[in-house]
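Below is one structure, written out as structure tokens; comments come after it.
The values are calculated or read from the model by the stated rules, or taken from the named source; none is laboratory data. Note that the structure is a prediction, hence the values are computed from the model and not measured. Neighbour counts are summed over all protein chains in view; Cβ atoms, including those assigned to glycine, are modelled from backbone coordinates with ideal geometry.
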Amino acid sequence: MDNTSPILPGATIGILGSGQLGRMLALAARRMGYRVHVFSPEQDTPAGQVSDREFSAPYDDLDAVRAFAGTVDAITYEFENVPAATAAACAAIRPLRPGVEALQIAQNRLYEKRFFAANGLPITPFAPVSNLAELQQGLATVGCPAILKTATAGYDGKGQQLITQTGQAQASWEAIGHAPAVLEGYVHFAQELSVIAARGVDGQFVPYDLFANTHRRHILDTSQTPAAVPASIAAQAVDYTQVVMEQLDVIGVLCVEFFLTADGRLLLNEIAPRPHNSGHLTVDACLTSQFEQQLRAVCGLPLGDAACLQPAAMANLLGDLWQNGEPDWASVLRLPGIKLHLYGKKEARPGRKMGHLTALADSAAAAAGQVRQARQRLRGKMNPAR
Ligand SMILES: Nc1ncnc2c1ncn2[C@@H]1O[C@H](COP(=O)(O)OP(=O)(O)OP(=O)(O)O)[C@@H](O)[C@H]1O
Ligand SMILES: [Mg+2]
């Protein structure tokens, strides 16, 4: 169902998915006087804890999905792996923004690569893989090193195998459980960058400044803005992002992850049709956070000013930090200029995103130094095991 009239404060926003992205959207929505209902298979979730109602049922329970949709005024998703049928059931009842198409493309790496290629967007060479022979052929065309990635259900580097010699083909194919996959050429990147932008119901397009990102074990580790890249590269990245959002007719927030090669070429890595971990610092550093921007877009309201008030950096807090007990929060809370965000997750598993720190400083590099140092204090001063 589509309807371009604005959905005003007092209305209820529905969120499919209930993790930290939903939590931060719910907080932004509540601040502006909206009510929030979330839907996911879990209970007492990061988003559910700060919402008016938490619906807990499997995503494929379409009766439960429709009952949820009937209680809200507009629906968005915070999690890419919501089944397309679930999203479509919602879209039949209320405006679903972004739509089902953006979700379907983002949840399948092969569709995503074909979409990029069809729109003339630059990417690393790739080959579809549905059996070992195709993997071997793919290695011959893409070359080594290459990364084998499952086409669906991957996140935070899960379902990925680095292949450095053709002899590893069989073991890699086994390691990803013979799942349909994409083989992509390894990119010797100089930097990883992301662009987050919002697009309104009227086509208004508002990008944030670029974020420069570092990863550890394939998981985002730190982000900082503004990124130290030439203005022409930044403009090009924003243009590519606009092409993606227009071609997919996205109403909402979308992130494009890029590689920047040493010789100055931008390559698109992947897209996320929702706020992104690299934009969490917008909550503390920008006039309008990526979550408020998502709310505004989904509600058909004018988009906010995306300007950053100060250079900033963000460091993720993974479950590993809890290895020896609760981290010593006081040690970072006493630092000026550091903000602590925790997502209310009860179980701290290694690699699980539990929260993040943000620092504001005179330069992005200084903010990055501060946020890393602050996190180090949490590491160094853990309480004894409970
Ligand atoms: N082709 C590549 N060449 C070099 N490094 C890569 C390549 N693909 C992925 N990586 C590295 O692994 C990281 C995670 O990869 P990717 O973004 O594809 O994974 P993901 O599991 O979808 O993660 P997320 O959704 O958390 O971003 C990248 O940010 C990059 O650091
Ligand atoms: Mg990624």
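Some points to look at:
- Scanning region 155-174 for residues that are within 15 Å of ligand 1 (Cβ to nearest atom) and farther than 28 Å from Pro273 by Cα yields Ile163, Thr164, Ser172.
- Some residue of region 212-220 being at negative phi, out of contact with any Pro (no Cβ under 7 Å at 6 or more places or on another chain), small (Gly, Ala, Ser) and in a helix (DSSP H, G or I): no
- Hits in region 74-118 (condition: of a type in the set (D, E, K, R) and in contact (Cβ under 8 Å) with a residue 12 or more places away in the chain): Glu78, Glu80, Arg94, Arg97, Glu101, Arg109, Glu112, Lys113
- Scanning region 241-280 for residues that are assigned to a helix (DSSP H, G or I) and away from ligand 1 (no atom under 16 Å from the Cβ) returns Gln242, Val243, Met245, Glu246, Gln247.
- Any hit, region 227-249, residues being small (Gly, Ala, Ser), touching a helix residue (DSSP H, G or I) at 6+ places or on another chain (Cβ under 6 Å) and at pLDDT 95 or above: no
- Selection from region 157-206 of residues that are in a loop (DSSP other than H, G, I, E, B), in contact (Cβ under 8 Å) with a residue 60 or more places away in the chain and buried (at least 17 other Cβ atoms within 10 Å of the Cβ): Val187, Gly200, Val201
- Scanning region 312-334 for residues that are surrounded by 15 or more Cβ atoms within 10 Å (Cβ to Cβ) and of a type in the set (A, V, I, L, M) gives Ala312, Ala313, Met314, Ala315, Leu317, Leu318, Leu321, Val332.
- Failed item in (1) of a type outside the set (Asp, Glu); (2) more than 12 Å from ligand 1 (Cβ to nearest atom); (3) in a loop (DSSP other than H, G, I, E, B), with Tyr111 passing the rest: (3)
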